[in-house]
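> If you scroll down you'll find the structure; I have some questions about it.
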Amino acid sequence: MSLSSPVLARFNLSHEDHTMNTLSATSPKSLQIATPTDTTIVLTRTFDAPRRLVWQAMFTPDKMRRWMLPPPGWTLTLCKCEPRVGGVLELAWKSDEADPAMTLRGTFTEVVLHEWAIHSETMALGSGQTIGSLLEKHEFAEHGDVTAMTITQTYDSKQDRDGALASGMDQGMEACYQQLDAVLARPA
């Protein structure tokens, strides 16, 4: 689950090529991005919280709603996440112009509780036009009270991967993850 929120930010296209490049980060905790292949993006971010709490924040709908920041004027209207094999991932946003303005749908294909999860992801405009699809793997590694989360996104083509990179996804995702830091600091 990667709009400003990371979802929408992925497809705001303005392109610059990134080949096995790690984008610069403003702090050691900031989102790190690498492109190890023509169709893959690897995102890494650390959180000052145990792996179990990071997992819950990433895959529990009421917690997801607290850190997934929609673009201005948009509202998250549907948030369903079932992190189990065959479980669904469904998100929908509305705007003043459309309800839904965008949807994200996927299915979990592999899950090891608190360790890793793999799901498909297809994004569509409210009109039904598909604007992107990928396979996403989340991995969680705990080191003391710090959890490193690695997300590997696999796209169908280099063009799709490059479009995601050019979208400003790194700023949208980092803004969401800074909000997630605040959520994890108050886990109740």
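> Could you list, in sequence order, all residues of region 25-57 that are among the aliphatic types (A, V, I, L, M), farther than 19 Å from G144 by Cα and modelled with pLDDT of 95 or more?
L31, I33, A34, I41, V42, L43
> Of the residues V85, V112, only one is at pLDDT 95 or above, out of contact with any Asp or Glu (no Cβ under 9 Å at 6 or more places or on another chain) and surrounded by fewer than 17 Cβ atoms within 10 Å (Cβ to Cβ); which?
Exactly one of V85, V112 is at pLDDT 95 or above, out of contact with any Asp or Glu (no Cβ under 9 Å at 6 or more places or on another chain) and surrounded by fewer than 17 Cβ atoms within 10 Å (Cβ to Cβ), namely V112.
Listed here are the residues, each with its yes/no results for (1) in contact with a strand residue (DSSP E or B) (Cβ under 7 Å, 6 or more places away or on another chain); (2) modelled with pLDDT of 95 or more; (3) farther than 22 Å from C79 by Cβ.
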site: L125; (1), (2), (3): yes, no, no
site: G132; (1), (2), (3): yes, no, no
site: H138; (1), (2), (3): yes, yes, no
site: I151; (1), (2), (3): yes, yes, no
site: G163; (1), (2), (3): no, no, yes
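The values are calculated or read from the model by the stated rules, or taken from the named source; none is laboratory data. Remember, it's a predicted structure, so these values are computed and weren't measured experimentally. Cβ: placed from backbone, ideal geometry, glycine included. Neighbour counts: every protein chain shown.
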